[in-house]
Every structure is written in structure tokens, then in C-alpha cells.
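Asker: The structure's right below; bear with me while I get my questions together.
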Amino acid sequence: MDVDIGNALASVATPGVSRTALERLDERVGSAHERIQTGRAEREHGYAALNLPDETDPDEIRAATTALGDVETLITVGIGGSALGAATITDALRSRDTGVETYFLDNVDPAWIRATLESLSLESAAINVVSRSGTTAETLANFLVVREAFEAAGVDWTTRTLVTTGESGPLAALAREHGLPAVSIPDGVPGRFSALSAVGLVAAAICGHDLEAILEGAAAEADTLAGSLFECPAYAYGAVAYALDSRGATVNAMMPYTESLETYAEWYAQLWAESLGKDGLGQTPVRALGVTDQHSQLQLYRAGPRNTLVTFVKPREIPAYPIPMAGIDELAHLEGASLGGLLEAEFEATEASLAAAGRPNVRIELERVDAFELGGLLYGMEAACVLAGELYGVDAFTQPAVEWAKRATRGQLGAEESAEAAAIEEKTTLRIER
């Protein structure tokens, strides 16, 4: 993963960061790096996630998946970090899979759940249910619905279910009771930082992806962590995003220029929002996709409020796919061109367009979208986020606002009494009715 922050400099963009300001900030980056390394060495909560490339055992993950036999359809039941990392990996590497169709039940919309299950042939399907605590309401509710669908189809769910959970809890107990294959979620690793653990890699293993290459790419990125943003791509990105936020770029539009990384933008949005959005601080992540959103969002980023950093992610290697000749004079410029060449031209034009308008943007480049490079990208963004958290002075590994809503939900369902649930009844209304 390479990072080009040139278009975020004050000489190019407003808001922008001067080279002098970056050098001053670099002293804080050095201190933050020392804190991060101490946290990793002592396996403190959250910081332990940055050790996953060396600690995740791909053989253990594959061994657990073999108990499921042949799988043509994989249904992963999880929510948030329990689903997005796995979805990012399988979607990014889909063209290299073994024909396994993947579905991620990360919402409790009943119409969508019903339609999804009714569309599937469950005889060749398998379930991966993911929850560290084993008590996540959405995940357990969906799992019970899926389990019932298997029973209704005459499929023994106990032979087709793998559990990814903590050492204890209802799911761990269920696995022991029914002899289900299970893999553990490592301690000290929040869900949104767990893509490089079994949470993100079980689905990849079932799809036949190269787990070693993913972890090797992540390890290579870990080796770049250093006490200076000028020596570390991940820290350069985290530091510049933080610096631009403090100068008014409070929105960060993540815009990969490849369809295979569209789900990655969703994963990034959770990572950035849930980790840094505390104490009135944090950048708001927005998901975009090049070139699609050149025709829907770019107008705002180039000519709207000067409050947005656009982050591009692109592979250097792009397939060509020649464009057929049209025999139309107005389209003569496309003769001899390719879709890959057009995509590259679209990216270069968009990047230059923002720079010409003085709008900050950062380019993140991968050699190609493969297992190794994807592992590096995921690790790099996690490290960037942790570094940004240190600079903001917030705990990047907690999510107290999310816990508030969970308590309110449990109260609404009658699981417990809570002030949060009572607050729902106090909602202020101003109805405009037909």
C-alpha cells in the first residue's frame, strides 16, 4: 500500500496541510507510535488487533471449515464487524473463488431475510454464525430464523453450521451441545478490527482463498510501522486525515476505483466512524465508488462546501477489456481503447479535477487487487485509524454510543429495564399527516 498525500498539501488545497505543519505533527506521530507499540507488546485491548498477522492460524481455520463438507452457498450470520470484514474479503477476491456463493445476513429486515432464504437451495448451504458474546440480538435472531429454514427444508443444520465466537457464551455452549465446529475470536480484538482473524477469514477459507497470502500482506504492512509519518504509509494517511479534519475537512469520502472494493468502503466507514466518533470529534466517512459516483457525488466534492477529503483507492494493474469499434465519428476516440484505459483516464481526470479546484484528496495505491495486497490494505487502514485515535486523544476501541442503543433495544424487547428504553417513550413528535 502506497500513499500519496501531495494533493492534501496547503500549496494545493484548502483546507490543506503545510509541510511545516506535517513536520510538527510528526513529533506527535512518533510519540503515538511508541504508545501503539507498547500496547501491541502488552496485548492491550484493541492494540492486540495489530498483532493478528502473526497470531492468526490459517490451518486452524481451514480445519474447522472442513467439517462442513462441500459448500456451494455460505450464509454468514453476523452484524457490523462480525460481517463486514468477511464480506470485504470475499467480495474483493470473488473472481478468484471456487464457485461458492456468499450471503451476509447483517440486517433484520424481515422482507429481505425471507426473500433471501426463499431464493436459496439450502441442501448445499452452510451457516457461519459470528458473535463474540453469543448474545448479539440481531445475530441470534437471524440465526434462529435460518436454523428453522434449514429444518423446514429437511436439512440437518447441526451438520452444516460453524460457530465463530468467544470462549464462553450461548453460542459456545450451543457448539459444545451439538458438536458443532467452532473457531474462537481472539481476546482484545474489537469486531471492526477483526477482519484478519477467524471473523474475517472463515468465509475466505470456505471460498478457497489464500489465507496465508492475506496474512503475509498484512504482515508486510505491519513491518512498515515506524515513528514517522514520512516513513509509514498507514501513519501518513491517518495523520493527514486527522490534520485535515482539524482544518475543516470533517467529511472523508472513501472512493475505490474498482468494483471489487465497493464493500471495502463499507468496512472502512464502520472502522472510521465507530472508532473515532467520540467526544464531539471524528471525521464522517462517506462511501463512494469510482467511476459511478463521479456522476452523483463529485459535483458536491468539487463545488460544494470545503469540508471533504476524498480518499482514492486504486490498483495499478487493471485488466484491459478492449472496447469494440462503433463506426460512429463522435466515438472515434474510443477506437483502440479499453475499459481499463477508460477507468484509468476517469480516475486521473477526477483526481486532477479536485486538485484544480483546490479540494484535498489522497491517493492510496495497490499493485493489484489480490489476497496479499488486500491484507496490506486492511491492516494499513486499521493502523491509520489507531494512529488517528491517538492524535485525537480518544479510545479507538470502544463504542459507548452503540452500547446505549443496544440497551434501549433490550429494554424494548423486555429483556431488561433501562433508562435508555424509557427515553424512547419520551420522543418529541411534530407529525405532518396526510
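The values are calculated or read from the model by the stated rules, or taken from the named source; none is laboratory data. Fair warning: this is a prediction, and the values are worked out from it, not measured in the lab. Counting neighbours? That spans all protein chains shown, and the Cβs are built from the backbone with ideal geometry, glycine included.
Asker: In this structure, is GLU212 in contact with a Leu (Cβ under 8 Å, 6 or more places away or on another chain) and surrounded by fewer than 22 Cβ atoms within 10 Å (Cβ to Cβ)? Reasoning before the result, please.
Answerer: Numbers: in contact with a Leu (Cβ under 8 Å, 6 or more places away or on another chain): no; surrounded by fewer than 22 Cβ atoms within 10 Å (Cβ to Cβ): yes.
So GLU212 fails the test.
Asker: For residues that are under 21 Å from VAL71 (Cα atoms) and part of a loop (DSSP other than H, G, I, E, B), tally how many sit in the range 146-196.
Answerer: 8
Asker: When you look at ALA355, is it surrounded by fewer than 22 Cβ atoms within 10 Å (Cβ to Cβ), touching a residue at least 24 places away in the same chain (Cβ under 8 Å) and in contact with a strand residue (DSSP E or B) (Cβ under 8 Å, 6 or more places away or on another chain), yes or no? Spell out how you get there, then give the answer.
Answerer: Details: surrounded by fewer than 22 Cβ atoms within 10 Å (Cβ to Cβ): yes; touching a residue at least 24 places away in the same chain (Cβ under 8 Å): yes; in contact with a strand residue (DSSP E or B) (Cβ under 8 Å, 6 or more places away or on another chain): yes.
Answer is yes for this residue.
Asker: Another question, if that's okay. Within the set of pairs 6 or more residues apart or between chains, which connect a residue that is on the phi > 0 side of the Ramachandran plot inside the range 158-172 to a residue that is of a type in the set (Val, Ile, Thr) with Cβ atoms less than 7 Å apart?
Answerer: GLY169/THR135
Asker: State all residues of the range 1-59 that are under 30 Å from VAL369 (Cβ atoms), among the polar types (S, T, N, Q) and in a loop (DSSP other than H, G, I, E, B); if no residue qualifies, say none.
Answerer: Within the range 1-59, just THR56 meets the criteria.
Asker: If you don't mind, there's one more thing I want to ask. Among the numbered criteria (1) of a type outside the set (Ser, Thr, Tyr); (2) in contact with a helix residue (DSSP H, G or I) (Cβ under 6 Å, 6 or more places away or on another chain); (3) at pLDDT 95 or above, which single criterion is violated by PRO305?
Answerer: Tallying (1) of a type outside the set (Ser, Thr, Tyr); (2) in contact with a helix residue (DSSP H, G or I) (Cβ under 6 Å, 6 or more places away or on another chain); (3) at pLDDT 95 or above, PRO305 fails exactly one: (2).
Asker: Going by the structure shown, is THR308 under 26 Å from ALA241 (Cβ atoms) and in contact with a Leu (Cβ under 8 Å, 6 or more places away or on another chain)? Spell out how you get there, then give the answer.
Answerer: Details: under 26 Å from ALA241 (Cβ atoms): yes; in contact with a Leu (Cβ under 8 Å, 6 or more places away or on another chain): yes.
When the stated conditions are applied, THR308 passes them.
Asker: Applying the selection to the range 375-418, what residues are surrounded by 18 or more Cβ atoms within 10 Å (Cβ to Cβ), small (Gly, Ala, Ser) and not in a loop (DSSP other than H, G, I, E, B)?
Answerer: Scanning the range 375-418 gives GLY375, GLY376, GLY380, ALA383, ALA384, ALA388, GLY389, GLY411.
Asker: Can you name every residue in the range 289-309 that is of a type in the set (Gly, Ala, Ser) and either in contact with a Gly (Cβ under 6 Å, 6 or more places away or on another chain) or surrounded by fewer than 22 Cβ atoms within 10 Å (Cβ to Cβ) (or both)? Show your work before the answer.
Answerer: Applying the first criterion (of a type in the set (Gly, Ala, Ser)) to the range 289-309 yields 290, 296, 303-304.
Matches in the range 289-309: SER296, ALA303, GLY304.
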